[in-house]
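For reference, the structure discussed in these notes is given below.
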Amino acid sequence: GVIDLENAYLAREEQILPIDFKKLLVDGDLSQNILLQPRDIIFFPSVYNNAVFVMGPVKTPGRHVIQRDTRLLDVMSSAGVLSVLPPTSGTMETSADLQEVVNLNDAYIARGDKILEVDFNKLLRQGDLSQNVLMKPKDFIFFPSIFGSDQRIYVCGLVDNPNSYAYASGMGLVE
């Protein structure tokens, strides 16, 4: 496949940062090589794409092919998000409960250079289907861990090894 560098982006704390990946990776412009932070997401979409990408402590992270009528709940189901939700009440005490679970409060969807206004709690806890948005190719959905100790950088999209990588102080985009 062919990477769409014009639409590649870095997402940080529910914001899309203006990085020109073409200048950085093709032209070698190191002014675009910003320092990374834990939970940063680097996304390289394909020019030809009918998929969305899901990252975080879900059963099936990565690329999920969508159809024209695919909605958020469809993607969450296929990624296994519904099986890693925190309990609605009570405390997590058993060792089985201490598996990774998603943080719905900080989950988000990136579309192009925008973060969509979606309330995952309203959708899943209150059944508010107005939050069940129609998915579009190249959408990116991130579910952080509820434990908040996510010291990783996520690289996904049309790359050889989409994965999360341990964060290291002073790490830049080129690394």
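The values are calculated or read from the model by the stated rules, or taken from the named source; none is laboratory data. Note that the coordinates shown come from a computational prediction; the quantities given were computed from them, not determined experimentally. Every residue, glycine among them, receives a Cβ derived from its backbone with ideal geometry; neighbour counts consider all protein chains shown. Accessible surface areas use protein heavy atoms only, side chains included; no ligands, DNA or RNA. Shrake-Rupley method; radii C 1.70, N 1.55, O 1.52, S 1.80 Å.
Listing for the model above:
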read-out	value
Which listed residue is over 19 Å from T70 (Cβ atoms), touching a strand residue (DSSP E or B) at 6+ places or on another chain (Cβ under 8 Å), at pLDDT 85 or above and β-branched (V, I, T), from I146, I115	I115
Residue list for segment 30-51, filter: under 18 Å from N163 (Cβ atoms) and of a type in the set (S, T, N, Q)	Q37, S46
Condition broken by V26, with the remaining ones in (1) closer than 30 Å to D69 by Cα; (2) out of contact with any helix residue (DSSP H, G or I) (no Cβ under 6 Å at 6 or more places or on another chain) satisfied	(1)
Tally of residues being part of a loop (DSSP other than H, G, I, E, B) and among the β-branched types (V, I, T) across segment 1-28	3
Tally, over segment 139-169, of residues that are of a type outside the set (A, V, I, L, M), more than 12 Å from P57 (Cα to Cα), part of a loop (DSSP other than H, G, I, E, B) and open to solvent by less than 50 Å² (accessible area, probe 1.4 Å)	1
Restricting segment 118-137 to residues that are open to solvent by 50 Å² or more (accessible area, probe 1.4 Å) and over 24 Å from P45 (Cβ atoms), the residue that is modelled with the lowest pLDDT	R125
Every residue from segment 29-67 that is in contact (Cβ under 8 Å) with a residue 60 or more places away in the chain, part of a strand (DSSP E or B) and either among the hydrophobic types (A, V, I, L, M, F, W, C) or open to solvent by 50 Å² or more (accessible area, probe 1.4 Å) (or both)	L35, I41, I42, F43, F44, A51, V52, F53, V54, M55, R63
